[in-house]
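One structure is given below, encoded as structure tokens.
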Amino acid sequence: MKRLLLSLLSGFLLISIFPKFNLEILAWVSLVPLFLAIRNTSPIESLKLGFISGLVFFLGVLYWVVNAMTVYGGMPLPSSLAVLILLSGYLSIYLSLFTFLLSYISGDTPQLKYILAPFLWVALELIRAHLLTGFPWATLGYSQFNILPLIQIADITGVYGVSFAIVMSNAAIALFIECLPPFSPSLIKGGSGGVSKFAIQYMLFTAILITSFSIYGFWRISDFNSNDPSTGWVPRNPKSKIKVALIQGNIEQSEKWDEAHQTEIFKIHEDLTLQAANEKPDLIVWSESATPFSFQFDKNYRQRMIELAKKGGSFLLFGTPGYEISGGEIIPYNRAYLLSPQGDVMNKYDKIHLVPFGEYVPLRKILFFIDKMVVGIGDFQSGNEYTVMDIHKGKFGVLICFEVIFPDLVRRFVKNGAEFLVNITNDAWYGKSAASYQHISMVAFRAVENHLPVVRVANTGISGIIEPTGRITKDTDIFVRTYVSGEIDSGSQLKTFYTLYGDIFAYLCLAVTVLLILFFRR
């Protein structure tokens, strides 16, 4: 029973470190109860304890899935709850594998368990981010998005470096507790002396690692604030500021595609755009699928959009359903268009990473009885170009909704020349839950990883500007109709290690994990 309670405690602590609770300090001890729960247990028992902890964690973090499916997806509540449990159960497998493998290799060398722990955790997070199209939501490192000095290491390691430090801290604390009476006599055959010495070394190395991350973070932030050209991290053109305006229309999901509300929705965005235009922004941004019509095919509203861009005198970026016709078949895309101040179509981008069951149904021949949640004709198709758009003062890449949680996808826009990033999304699906807050916390890491500002516009919020240090500014409340404006700089003169090489740190952790497990077997 004690082991079960410790497992449950870790699950609840993990919930508390993410938005809206934001008790991020608890991340550094959240796994300690789980480490203690699996002490001296069989691998199978550890697997069960890890699964229980993971199930509590993911049910508590992803509860908003039920709201999206029942309120907007038209799914009965029991079915929505079943989907939430299945999704949480799948994600819990990764935590159960973590505890299973730690117990499996502990044997007569418990030191190896603690050496392996941070490497194994990151390896599993990496796999979760890619397997079955990937779902890296609630990656452990994201909990620290408010701790700016600590997260600057992400420009080398990505978010995985922060996860690594958190798990190592938890392992060090758990190891220290295990070396105290009455735990120590049973910790290893032959007494506790060797383990105690190892515990001191492990805790010392952990402290050095976290301190080094923090020192690096303070140094990197000071580089940004100094505006010293010799650092290479100042804007490419420090004298040129880009003024942006963010239009938050706050349109209810149930009204978004109702033709009866089409004129009203356009008028809302038009009025906010003209108000924002008085501040002479260089770029005005609407949210994902902001237009309740197809800009491509609706001649009436297409012309009204062009006239609005001319009247506003700014570049205008907006989301809209897009289509291509091939062999007499309509192929839909989730698309963003950029209009010039003269009303010309400058560029378009088709969303690359789609949301399973939201924008398309995987294995449709098998799951023929399931329909996607987003209104449109058939399943959306994926784009295949990392398009970089140009507004003369700077170049930018567009990330539509879900795409911004995939760091490797985001960095490809920067490698292609993007000097800032724009994230357009529609979080109305989630209601007044923690999901919108969780979503924007991940965006902060994309800014740090690539040393670029990110402009985020959400239909119902949270909209805002994220500085290259990850600091969120100009952020709006959710479910309010408003616009905000602010200035950003174009990207830094140097590309970060992460931009150039991606998740090499996480892949190294995966390699070390495999080698340590093979070493144990020998």
Residue in the range 332-344 that is modelled with pLDDT under 90, within 24 Å of Arg412 (Cβ to Cβ) and not basic (Lys, Arg) present: no
Among Phe445, Phe406, Phe413, which is surrounded by fewer than 22 Cβ atoms within 10 Å (Cβ to Cβ), in contact (Cβ under 8 Å) with a residue 12 or more places away in the chain and aromatic (Phe, Trp, Tyr)? Phe406
As an exercise: evaluate Ile366 against (1) at pLDDT 85 or above; (2) more than 30 Å from Asp258 (Cβ to Cβ) and give the number of the one condition it does not meet. (1)
Matching residues in the range 88-147 - criterion: being assigned to a helix (DSSP H, G or I) and within 14 Å of the chain's Cα centre (by Cα): Glu125, Leu126, Arg128, Ala129, His130, Leu140, Gly141, Tyr142, Ser143, Gln144
Does the range 451-462 include one or more residues that are aliphatic (A, V, I, L, M), modelled with pLDDT of 95 or more, touching a Ser or Thr at 6+ places or on another chain (Cβ under 6 Å) and closer than 24 Å to Gln144 by Cβ? yes
Residue set Ile306, Ile330, Ile325, Ile284; condition surrounded by fewer than 22 Cβ atoms within 10 Å (Cβ to Cβ), hydrophobic (A, V, I, L, M, F, W, C) and within 24 Å of Gln253 (Cβ to Cβ); output residue Ile330
From (1) under 19 Å from the mean Cα position of the chain (by Cα); (2) modelled with pLDDT of 95 or more, pick out the condition that doesn't hold for Leu508. (1)
All conditions in (1) outside any loop (DSSP other than H, G, I, E, B); (2) at positive phi are true of Gly417 except (1)
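Of the residues Pro76, Pro43, which single one is free of Cβ contacts under 8 Å to residues at least 40 places away in the same chain and either of a type in the set (Ser, Thr, Tyr) or not assigned by TED's automatic domain parsing to the domain that holds Trp429 (or both)?
Numbers: Pro43 fails: free of Cβ contacts under 8 Å to residues at least 40 places away in the same chain.
Of the residues listed, the single one that is free of Cβ contacts under 8 Å to residues at least 40 places away in the same chain and either of a type in the set (Ser, Thr, Tyr) or not assigned by TED's automatic domain parsing to the domain that holds Trp429 (or both) is Pro76.
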Expected output for the range 500-516 (first residue surrounded by 17 or more Cβ atoms within 10 Å (Cβ to Cβ), partner outside any helix (DSSP H, G or I) and modelled with pLDDT of 95 or more, Cβ below 8 Å, 6+ apart or cross-chain) is Gly502/Gly158; Asp503/Gly158; Phe505/Gly158; Ala506/Gly158
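Residues are listed down the side, and each one gets a yes or a no for (1) at pLDDT 95 or above; (2) at positive phi:
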| site | (1), (2) |
| --- | --- |
| Pro229 | no, no |
| Gly232 | no, yes |
| Pro235 | no, no |
| Asn250 | yes, yes |
| Ser254 | no, no |
| Val285 | yes, no |
| Gln296 | no, no |
| Lys311 | yes, no |
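The values are calculated or read from the model by the stated rules, or taken from the named source; none is laboratory data. What you are looking at is a predicted structure, and each value in this text was computed from that prediction instead of being measured. Neighbour counts run over all protein chains shown; Cβ positions are idealised from the backbone, glycine included.
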